Amino acid sequence: EDKVVQSPLSLVVHEGDTVTLNCSYEVTNFRSLLWYKQEKKAPTFLFMLTSSGIEKKSGRLSSILDKKELFSILNITATQTGDSAIYLCAVLYSGAGSYQLTFGKGTKLSVIP
Amino acid sequence: DGGITQSPKYLFRKEGQNVTLSCEQNLNHDAMYWYRQDPGQGLRLIYYSQIVNDFQKGDIAEGYSVSREKKESFPLTVTSAQKNPTAFYLCASSRTSGITGELFFGEGSRLTVL
């Protein structure tokens with residue numbers, strides 16, 4: 001079964017709206033949770049979260065992790081058309097003698113003018 | 001500028017042919033990875049390498065092969081044994097064997113098998 005589950009899988013909003021993307025996970029030996037943005041081809045790194053309750057912020061984007069409930073959210077305020085992308089959540093955990101990074105299926109965000 | 005270069009960006013092949021996708025990085029990263037991305041499937045790990053001359057299978061290694069003869073290079077061969085090779089392939093690297101989880105990605109190679 002999927003270790004990392006993102007919701008919704010797709011979302012259409014109007015410019016100026018605020019959106020919340022969700023990522024839940026179920027792994028043992030959790031190390032960190034990462035968010036990436038994929039606009040056309042190469043995903044680019046947004047945030048890495050390792051501690052519960054500490055918000056990471058970059059401009060209009062922010063993210064927080066809840067290690068007790070095993071989920072993270074990514075918030076985007078005052079959305080712009082340039083925010084249209086696939087947002088990928090990935091969880092880093094240790095297992096089988098190495099570190100494993102597992103991605104969710106992604107949330108496709110479309111921001112319309 | 002440092003980065004990851006994948007080539008070719010687009011590739012068309014007939015069924016039954018092996019193809020090799022190139023991935024080169026000049027970031028001096030130890031670890032390199034190959035992912036496959038299908039619509040609605042997210043990224044799935046094919047192979048990864050934490051050090052030169054060593055590599056491990058990921059979740060969907062069947063039908064693929066890799067080599068890591070140089071730190072900078074991690075080519076992926078899609079063999080005729082891969083049942084459904086049409087996909088978008090992403091190469092990535094990380095500083096220290098993936099411990100931080102932060103990956104740097106190439107622009108991808110889109111393979112279409114006719």
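The values are calculated or read from the model by the stated rules, or taken from the named source; none is laboratory data. Since we're looking at a predicted model, the values are computed, not measured. Cβ sites come from the backbone with ideal geometry, for glycine too, and all protein chains shown count toward neighbours.
For this structure, a couple of remarks:
- 3 or more residues under 30 Å from B:ILE46 (Cα atoms) and within 11 Å of another protein chain (Cβ to nearest Cβ): qualifying strands (runs of 3 or more DSSP E) within chain A: A:4-7, A:30-38, A:44-49, A:85-95, A:98-103
- Just one of the listed residues (B:SER67, B:SER93) is modelled with pLDDT of 95 or more and within 30 Å of A:ASN29 (Cα to Cα), namely B:SER67.
- Of all residues in region A:68-83, those satisfying the criterion of being farther than 14 Å from A:ASN22 by Cα and surrounded by fewer than 17 Cβ atoms within 10 Å (Cβ to Cβ) are A:LYS68, A:THR77, A:ALA78, A:GLN80, A:THR81, A:GLY82.
- Candidate set from region A:9-43 (those that are modelled with pLDDT of 95 or more and hydroxyl-bearing (Ser, Thr, Tyr)); member that is farthest from the chain's Cα centre (by Cα): A:THR18
- Verdict on A:THR107 being in contact with a Ser or Thr (Cβ under 8 Å, 6 or more places away or on another chain), more than 26 Å from B:SER94 (Cα to Cα) and crowded, with 19+ Cβ neighbours inside 10 Å: no
- Search result, residues across region B:43-66 that are farther than 27 Å from B:GLY16 by Cβ, buried (at least 19 other Cβ atoms within 10 Å of the Cβ) and out of contact with any Gly (no Cβ under 9 Å at 6 or more places or on another chain): B:SER49
- Residue within region B:6-28 that is facing another protein chain (nearest Cβ under 10 Å) and of a type in the set (Phe, Trp, Tyr) present: no
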